[in-house]
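**Q** Let me give you the structure first, and then I'll get to my questions.
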Amino acid sequence: MTAFSLDAVAAILLIPVVAAALLAALPNYRLAAGLNVAASLLTLLAALSLFVTDRPQPGQYLLVDDLNIVFIVLNAFVGFTTSVFSASYIAHELDTGRLTASNLRFYHAMYQIMMFGMNLAFVSNNIGLMWVAVELATLTTVLMVGIYRTHEALEAAWKYFILGSVGIALALFGTILVYMAAQPVVGEGTNAMVWTVLIAHAAHFDPALLNVAFVFLLLGYGTKVGLAPLHAWLPDAHAEGPTPISAVLSGLLLNVALYAVLRFKLLLAASPEAIATGPLMITMGLTSLVFAAFMLYRRRDIKRLFAYSSIEHMGIIVFAFGMGGPLANFAGLLHMVMHSLTKSAIFFTVGHIAQVKGTQNITEIRGLTETHPALGWALVIGVVAIAGLPPSGIFMSEFLVVSSTFARHPFLAVPLVFGILLAFGALLLRLTGVAFGEPRGSTAPAEASYIPMYSHLALVFAAGIYLPPPLVTWFQHVANLLG
Amino acid sequence: MNGLTFDIAHLLAGGLVLVSFMMLYQDRLFALINVFAVHAIVLALSVAWQAYIQDAHHLYVTAAIALIFKAIVIPVGLHRIIQRLGIHRDIETAVGIGPTMLAGIGLVTLSMVLMLRVTSGADPLAREDLAFALSIILLGLLVMVTRRNAVSQVVGFMSLENGLVLAATGAKGMPLVVEISVAFSILIAFIVIGVFLFRIRERFDSVDVGALDDYRGEHR
């Protein structure tokens with residue numbers, strides 16, 4: 001069994017690599033889109049098999065544990081549904097001439113390399129390898145954000161590139177500091193970068209070095225999470241790239257960086273004399289939440305609107321993990337999963353809407369539920385879910401975050417609830433115009449793939465009404481691990 | 001560790017900080033790139049010295065990358081790009097040179113105070129390397145924020161990355177250093193190609209990042 005599950009980890013990493021090589025060589029875009037879907041499906045199956053098989057022993061480079069399994073499966077699932085959405089999205093882009101066949105070859109190969117980078121970041125047991133994987137995922141998304149080669153796309157890619165590189169450079173400095181802290185205790189060489197070894201010996205590390213390291217890691221990876229003072233790349237990258245990339249950026253790449261932060265948070269928690277990481281994360285989380293909530297009111301571009309909503313939700317998640325404790329961690333995990341599913345569903349919908357209407361400008365999109373009921377209602381349901389109205393899963397996780405805050409730090413609940421309500425108002429305000437109101441713009445029928453968006457939304461609402469007990473137990477277990 | 005090996009390592013790392021300072025007051029692009037080439041050469045010497053005293057032969061690879069790629073290939077490439085773009089005029093610094101130098105001194109002081117305090121337990125060579133490395137990283141960031149020109153921002157980023165390589169080689173026995181320096185070289189190559197593409201595609205008339213701000217999606 002051990003050999004088989006090792007194969008499952010290998011499959012998660014190798015399938016995307018092989019697929020990327022094939023896709024780079026394949027000139028036919030229809031075949032390529034199909035292969036992209038097939039490869040993503042296989043990756044998802046391999047990820048799911050991790051649940052049933054025995055885990056491999058953690059090696060020097062790879063690790064599967066209760067924490068990262070959640071991230072891997074979520075990543076593979078959204079990766080798969082996005083590839084289905086992408087197949088119908090790019091067909092339209094090709095028809096309208098925004099992308100050429102050679103662009104698409106590049107696009108598909110990059111998509112799989114990005115999946116590889118994200119999966120590698122999740123399964124890596126080595127903080128150096130994790131850093132390389134995050135960098136790889138960043139680079140591929142930069143290239144895809146700039147794929148339209150317009151002024152706006154290139155500027156967005158450039159901004160993302162420079163800010164992302166600076167963030168990643170700071171994260172590397174933090175990684176080096178962690179190594180420096182570990183080296184006197186664990187000894188030189190690869191072992192001092194292996195996460196399982198680090199966590200076992202963290203109590204003996206120099207706490208002062210760990211503290212400084214965490215500040216750099218939080219700033220560095222926090223840039224990629226899109227936390228408030230460092231978020232400037234995020235709205236541009238979401239708005240100007242192809243919509244499938246916006247969906248994976250919001251739904252997955254932000255989670256990768258968040259996962260890295262969580263790993264290092266655990267490391268500091270294992271060292272009794274190191275600073276409490278909670279207040280730092282709570283501050284950054286709340287700042288992002290309130291800032292993004294205000295920014296939501298001024299948006300005119302629909303993809304930018306939802307990009308700011310991603311900053312807002314990442315703020316809530318980081319806040320929840322910063323609070324710590326079983327309940328808040330549980331809420332944070334649940335919120336992360338629900339946000340990934342809902343936000344990618346919204347981007348699937350918005351992608352088709354922007355294609356039908358030929359614009360991303362909110363004022364030019366009106367009365368969608370009349371002209372395109374399936375898309376319009378998907379957007380309504382998605383926004384209702386993301387704004388945190390019952391019975392969506394996000395309502396439940398936000399409720400848990402707020403109630404645990406009230407129980408433990410009532411003063412923090414004030415800005416938290418204020419931010420959530422502010423964002424709620426902004427989203428509903430925009431939604432009423434876009435979804436209802438007098439129809440405006442093109443009424444041509446949409447050639448959309450409805451299955452990805454509706455299946456995501458169905459999952460979100462199902463989770464809000466009934467969470468299966470095994471899932472709850474699993475999340476509780478992971479929440480306890482997170483301390 | 002005897003006194004001389006320590007002194008040489010110290011001299012080279014300190015030299016790197018000094019060259020970082022020289023970057024702050026360059027007001028011409030060509031001069032800035034030449035200073036960067038010097039920065040890369042000093043880095044290569046410093047890494048080679050670390051490879052020698054730690055008896056870590058793989059670090060020679062990192063030194064060679066620094067020497068060939070960063071001290072020769074990239075500066076020559078950037079020179080060409082600048083000539084093609086016809087932007088070998090003064091750099092528009094966003095902040096004056098005086099305040100920039102003062103800020104630089106402040107940053108170096110900050111990193112010395114911070115790193116020397118928190119690493120009191122570590123081995124003295126690694127300690128000073130880390131303090132110098134953080135100074136170089138912060139000075140690199142300072143170069144990036146005080147310049148508005150895309151090419152000089154790239155130079156700032158590369159000097160920042162040199163600081164990281166210094167820190168990584170100073171941490172004795174750190175694995176993956178070579179891989180990380182290769183990964184960074186690829187990243188930089190992408191950035192440089194990116195700058196070049198801006199022009200090749202003729203989407204922008206200028207590589208002044210300020211001009212890019214006009215294309216912010218919100219002002220459409």
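Readers should treat all values here as calculations from the given coordinates under stated rules, not as data from a laboratory. Values in this document were obtained by computation on a predicted structure and should not be read as measured data. Reconstructed Cβ throughout: ideal geometry from the backbone, glycine too, with neighbour counts over all protein chains shown.
**Q** Just grab the label-to-label distance for B:LEU102 and A:VAL17, each label 7 Å out from Cα along the Cβ direction, in nm (one decimal).
**A** Spacing of the two 7 Å Cα→Cβ label points: 5.4 nm.
**Q** Related question: For peptide A:200-213, compute the average count of partner chain beta-carbon atoms within 10 Å of each residue's beta-carbon.
**A** 2
**Q** To the nearest whole number, what is the average tally of beta carbon atoms from other chains within 10 Å of the beta carbons of peptide B:166-172?
**A** 5
**Q** Could you give the length gained by full extension between A:LEU48 and A:SER403, i.e. 0.36 nm per residue of separation minus their alpha carbon distance, to one decimal place? Could the numbers behind the result be given before it?
**A** Numbers: separation 355, 0.36 × 355 = 127.80 nm, distance 3.26 nm.
124.5 nm is the gain from fully extending A:LEU48 to A:SER403.
**Q** If you don't mind, there's one more thing I want to ask. Please say if segment B:1-104 is rounded, prolate or oblate, where rounded means a/c under 1.5 for a ≥ b ≥ c the square roots of the C-alpha gyration tensor eigenvalues, and otherwise the choice is prolate for a/b larger than b/c and oblate otherwise?
**A** Cα axes put segment B:1-104 in the oblate bin.
**Q** Sticking with this structure for a sec: From Cα coordinates alone, what are the radius of gyration and Dmax values for the protein assembly as shown in angstrom?
**A** Just the Cα atoms of the protein assembly as shown yield Rg and Dmax of 24.9, 82 Å.
**Q** Charges at C-beta only: +1 for Lys and Arg, -1 for Asp and Glu. How large is the resulting dipole of the protein assembly as shown about its Cα centre, in Debye rounded to 20?
**A** 980 debye
**Q** Ok, one more. Take the alpha-carbon centre of segment A:125-201, take the same for segment A:453-483, and report the distance between them in whole Å.
**A** Between the Cα centres of segment A:125-201 and segment A:453-483 lies a distance of 29 Å.
**Q** On to the next question. Averaged over peptide A:151-162, how many Cβ atoms belonging to another chain are found within 10 Å of each residue's Cβ?
**A** Mean shielding by partner chains, rounded to a whole number: 6.
**Q** Now for a different question. Between the alpha-carbon centers of segment B:39-79 and segment A:378-451, tell me the distance in whole angstrom.
**A** 52 Å
**Q** At a 10 angstrom cut-off on C-beta neighbours, averaged per residue, how do the peptides A:82-90, A:190-198 rank from highest to lowest?
**A** So the peptides A:82-90, A:190-198, ranked by packing, come out A:82-90, A:190-198.
**Q** Sorted by packing (mean other beta-carbon atoms within 10 Å per residue), highest first, where do A:460-472, B:130-142, A:424-436, A:399-411 land?
**A** Descending mean neighbour count gives B:130-142, A:424-436, A:399-411, A:460-472.
**Q** For A:ASP65 paired with A:ALA203, estimate the spin-label separation in nm (one decimal), with each label point 7 Å from Cα along the Cα-to-Cβ line.
**A** 1.6 nm
**Q** Based on Cβ point charges of +1 for Lys and Arg and -1 for Asp and Glu, what charge dipole magnitude is obtained for segment A:276-483 about its Cα centre, in debye rounded to the nearest 20?
**A** It works out to roughly 320 debye.
**Q** Can I ask one more? What is the set of long-range amide H partners of B:ARG28 at a cut-off below 5 Å, with H atoms built 1.01 Å from backbone N?
**A** B:ILE91
**Q** Same structure, new question: Quick check: Cα centre of segment A:309-349 to Cα centre of segment A:18-85, how many Å?
**A** Distance between centres, Cα-based: 22 Å.
**Q** Follow-up question, since we're still on this one. Report, by chain and number, residues whose modeled amide H sits under 5 Å from the one on A:LEU62, excluding near sequence neighbours (fewer than 5 apart, same chain).
**A** Excluding prolines and chain starts, which carry no amide H, the hits are A:ASN125.
**Q** How far, in degrees from 0 to 90, does helix A:469-481 lean away from the longest principal axis of the Cα atoms of chain A, to the nearest 10?
**A** 50 degrees
**Q** Okay, next question. Rounding to the nearest 10 and keeping the result within 0 to 90°, find how far the Cα-based axis of helix A:393-408 lies from the longest principal axis of chain A.
**A** That works out to roughly 40 degrees.
**Q** Quick one: Karplus J couplings for segment A:336-351, per residue in order, coefficients 6.51, -1.76, 1.60, θ = phi - 60°, nearest Hz, x for Gly and Pro?
**A** The phi angles translate into 4, 5, 5, 5, 4, 5, 5, 5, 5, 4, 4, 5, 4, 5, 4, x Hz.
**Q** Taking other Cβ within 10 Å of each residue's Cβ, how do A:SER271, A:SER442, A:SER309 sort, fewest first?
**A** Details: A:SER271 21, A:SER442 16, A:SER309 26.
Taking fewest neighbouring Cβ atoms as first place, the list is A:SER442, A:SER271, A:SER309.
**Q** By how many degrees, between 0 and 90 and to the nearest 10, does the Cα long axis of helix A:127-145 differ from the longest principal axis of chain A?
**A** Between helix and principal axis, roughly 10 degrees.
**Q** How would you classify segment A:19-164 from its alpha-carbon gyration tensor, with a ≥ b ≥ c the square roots of the eigenvalues: rounded for a/c under 1.5, else prolate if a/b is greater than b/c, otherwise oblate? Mind dumping the intermediate values first?
**A** Working: a/c = 2.56, a/b = 1.49, b/c = 1.71.
Oblate, since a/c reaches 1.5 and b/c is not below a/b.
**Q** Counting pairs of alpha carbon atoms under 8 Å apart in space and at least six apart in sequence, what relative contact order in percent does segment A:276-483 give?
**A** 31 percent
**Q** Place a point 7 Å from Cα of A:TRP377 in the direction of its Cβ. Which residues in segment A:458-483 have their backbone N less than 14 Å from it?
**A** A:458
**Q** Label points 7 Å out from Cα along the Cβ direction at A:LEU428 and A:VAL185: separation in nm?
**A** About 5.0 nm, to one decimal.
**Q** Now for a separate question. With n ≥ 4 as the cut-off for DSSP H runs, can you work out [θ] at 222 nm for the protein assembly as shown, using -39500 (n - 2.57) per run divided by the number of residues, rounded to the nearest 500? Can you show the working numbers first?
**A** On the way: 29 runs with 537 residues, N = 703.
About -26000 deg cm²/dmol.
**Q** Here's a follow-up. Exposed loop sites here are GluC sites (Glu not before Pro) in DSSP loop states with at most 16 other C-beta atoms within 10 Å. What is the longest stretch of chain A lacking them?
**A** Longest site-free region, per DSSP loop and neighbour criteria: A:1-272.
**Q** For a quick check: with amide H placed at 1.01 Å from N, whose amide H comes under 5 Å from A:ASP301's, ignoring anything fewer than 5 positions away on the same chain?
**A** Those qualifying (amide H under 5 Å, at least 5 residues apart or on another chain) are A:ILE362.
**Q** Next question. Below 8 Å between Cα atoms, with a sequence gap of 6+, how large is the relative contact order for chain A in percent?
**A** 14 percent
**Q** Based on the alpha-carbon gyration tensor of segment A:226-270 and its eigenvalue square roots a ≥ b ≥ c, which shape applies: rounded if a/c is under 1.5, prolate if not and a/b is larger than b/c, or oblate?
**A** Cα axes put segment A:226-270 in the oblate bin.
**Q** A further question follows. Tabulate in residue order the Karplus-calculated ³J(HN,Hα) for segment A:409-414, using 6.51 cos²θ - 1.76 cosθ + 1.60 with θ = phi - 60°, rounded to whole Hz; enter x for Gly and Pro.
**A** 9, x, 5, 5, 5, 5
**Q** Taking the Cβ of each residue in A:TRP474, A:TRP233, A:TRP131 as the centre, tally the other Cβ atoms inside 10 Å and list the residues starting with the fewest.
**A** Starting with the residue having the fewest Cβ neighbours, the order is A:TRP474, A:TRP233, A:TRP131.
**Q** Lysines within cross-link reach of A:LYS357: Cα-Cα under 23 Å, excluding same-chain residues under 8 positions apart?
**A** A:LYS303, A:LYS343
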